[in-house]
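**Q** One structure, pasted below without further comment.
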Amino acid sequence: MERLKVYARNTSPVKFFLKPRNGDICLGECADMLKRARTAFRAGRTTSESFRLAQLDALIRLVFNHESEFADALGKDLHKPRFESVVTELVLVKNEALYAVKNLHKWMEPESVEKTLSTALDECMVVSEPLGTVLILGSWSSPVQLCLVPLVGAIAAGNCAIISPSEQCAHTAELLQKLLPSYLDNECYHVVLAAGNEVPDIVDLKFDHVFYSGTREEGTKVCQAAARHLTPVTLVLSGKNPCYVDRECDINVAARRIAWARFQNSGQNMASPDYILCHTEVKEPLLRALRDALVTFYGSDPRQSTSYGRLASLENFTRIRDLLWKSGNVLMGGQVNEAEKFVAPTLLGDVFQNDPVMLEEYSGPLLPVLTVQTVDEAITFINSRDKPLCTYVYSSNSKVISRLMKETTSGSFCSNDSVLQSLMPCLPFGGVGPSGMGSYHGRYSFDTFSHKKSCLLRATQKESLTYLSAEVLLLFVF
């Protein structure tokens, strides 16, 4: 049986990257943006509720008014279908901003705390105050929403911000740079187009917070650069997200939901399932259902499908292709085309724990299928590896779902669906351990970009009561 089919290659593939720039010029531009943003922040420009609401409203109008342009840019960068661009990028940004507008007044209110005997007549509260000027580093996997959803939180919390879209999605990055100044305050919010190797130097400019989503390797570099100034960071990092398919589940529903989550955007989604663990008796019916789902979604030749995307860069294409050649057996798919940066939706069988596809971090349309005999074996397998960003389980048995949720650790957990938990403003999304630190979405974005300042308000007229309450407290202690 042929290992896999390779379409004719073009030795000079078309690449879309930002134009080469002098790194010192880019760094100088960013330093100037930072200076202007700091000046605006210190002048109190971003602190009022009315200002924040106006900027959030402007962001909503930006996305609404330019939906077609964003869809076109994503189509050029990722061959992303228009419907997918709207649902997974633009609607998500609008929902986040609308949710923030609806709840901002409540979020900004001081939080009362429980008082002690010695503070019974005082005011005790926690006040959310903005951090200052923050840096948001977007990823190429979802180049619009991974820039603008964190920006919603930064604006809601009263910060100034500089966003740096991924250079690998040049059309989208340039569109963001063109449009944002027409809608948002020009002194408070900026877009810098930087190459990947310039990011650590930009982080080194000393921001008040850095938000990064992307690979663990690049996240480590960002964290190291931020550590030189003790700059706090939020890291949302990709990893190896397990998906356990129990013997007690609707196989067809599970297959459709897994296939959509794994292969939309050509597999470039940090929250998608990275590998399947299933019972031996479930494997064959699950594979049949996955094949049927893929044919339904993308036809018999996904390369011709208008619903299937492409990889963001030649570098990522090469990485995925090499992993494909080194790991397991191709059960479906396996076709590649270098000129188009195309890798077909691919199911891999006979995969071992130490195969490169199970060890290396990647973002692409490969789905290894491994078998286990029991739920215990699946839990042991998951816990033997780094803590993932997401864990998924498909089962109609509530006890199985409960065990997976309680006995494994991950940034988020979802049963009988995939990715959905990462799209909801009411739930925090972020990693744990090697899959990241901190979280965002909704109120959690507001908290990420806020300092929780403890405040105790006292009056000098209560001096005698203060000493009396202190003496009473000492009696209880001793």
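**Q** Got a sec to turn the phi values of the stretch 234-249 into Karplus ³J(HN,Hα) couplings, 6.51 cos²θ - 1.76 cosθ + 1.60 with θ = phi - 60°, whole Hz, x for Gly and Pro?
**A** The phi angles translate into 10, 10, 10, 10, 6, x, 10, 7, x, 9, 9, 10, 7, 5, 9, 6 Hz.
**Q** With θ set to phi - 60°, apply the Karplus curve 6.51 cos²θ - 1.76 cosθ + 1.60 along the stretch 212-226 and write out the HN-Hα couplings as whole Hz, x wherever there is a Gly or Pro.
**A** In residue order, the calculated couplings are 10, 10, x, 7, 5, 4, 6, x, 5, 5, 4, 5, 5, 5, 5 Hz.
**Q** About its Cα centre, how strong a charge dipole does the stretch 242-409 have in debye, to the nearest 20, once Lys and Arg get +1 and Asp and Glu get -1 at the Cβ?
**A** Numbers: 18 positive and 20 negative charges, 68 e Å.
Roughly 320 debye for the stretch 242-409.
**Q** So for the chain: antiparallel DSSP bridges make up what percent, rounded to the nearest 5? Could the numbers behind the result be given before it?
**A** Numbers: 18 of 54 bridges.
For the chain, the DSSP antiparallel bridge percentage is about 35.
**Q** Ordered by packing density, taken as the mean number of other Cβ atoms within 10 Å over each peptide's residues, highest first, how do 352-364, 275-287, 437-449 rank?
**A** Working: 352-364: 16.1, 275-287: 18.5, 437-449: 22.2.
For the peptides 352-364, 275-287, 437-449, the packing ranking is 437-449, 275-287, 352-364.
**Q** Would you mind pulling out the separation of the Cα centroids of the stretch 196-264 and the stretch 49-127, in Å?
**A** Centre-to-centre distance over Cα atoms comes out at 20 Å.
**Q** Based on Cα coordinates alone, diagonalise the gyration tensor for the stretch 242-409, multiply each eigenvalue by 5, take square roots, and list the semi-axes in whole Å, largest first.
**A** Listed largest to smallest, the semi-axes of the stretch 242-409 are 26, 17, 14 Å.
**Q** If you don't mind, there's one more thing I want to ask. Run the dipole for the chain about the Cα centre, Lys and Arg Cβ at +1, Asp and Glu Cβ at -1, nothing else charged, and hand back the magnitude in debye, nearest 20.
**A** On the way: 49 positive and 53 negative charges, 81 e Å.
Here the size comes out at about 380 debye.
**Q** Taking other Cβ within 10 Å of each residue's Cβ, how do I60, I320, I155 sort, fewest first? Don't skip to the end; give the middle numbers.
**A** On the way: I60 20, I320 24, I155 32.
Least crowded to most crowded, the residues run I60, I320, I155.
**Q** Next question. Over all distinct Cα pairs, what is the inverse of the mean 1/r for the chain, reported as the Kirkwood hydrodynamic radius in Å? Mind showing how you got there, number by number?
**A** Values: mean 1/r = 0.0417 Å⁻¹.
Across the chain, the inverse of the average 1/r is 24.0 Å.
**Q** Per DSSP helix of 4 or more residues, -39500 (n - 2.57); summed, then divided by the residues of the chain. What does that give at 222 nm, rounded to the nearest 500? Write down the numbers at each step before the final one.
**A** On the way: 17 runs with 204 residues, N = 478.
For the chain, the value works out to -13000 deg cm²/dmol.
**Q** If you find the alpha carbon centre of the stretch 282-326 and of the stretch 354-396, how far apart are they in angstrom?
**A** Cα centroid to Cα centroid, the span is 18 Å.
**Q** Can you give me the C-alpha center-to-center distance between the stretch 142-165 and the stretch 417-451, rounded to a whole angstrom?
**A** Their Cα centres are 14 Å away from one another.
Here, each number is a calculation from the coordinates, and none is a lab measurement. All figures in this text were calculated on a predicted structure; none of them were measured in a lab. A quick note on method: Cβ atoms are made from the backbone with ideal geometry, for glycine too, and the neighbour counts reach across all protein chains shown.
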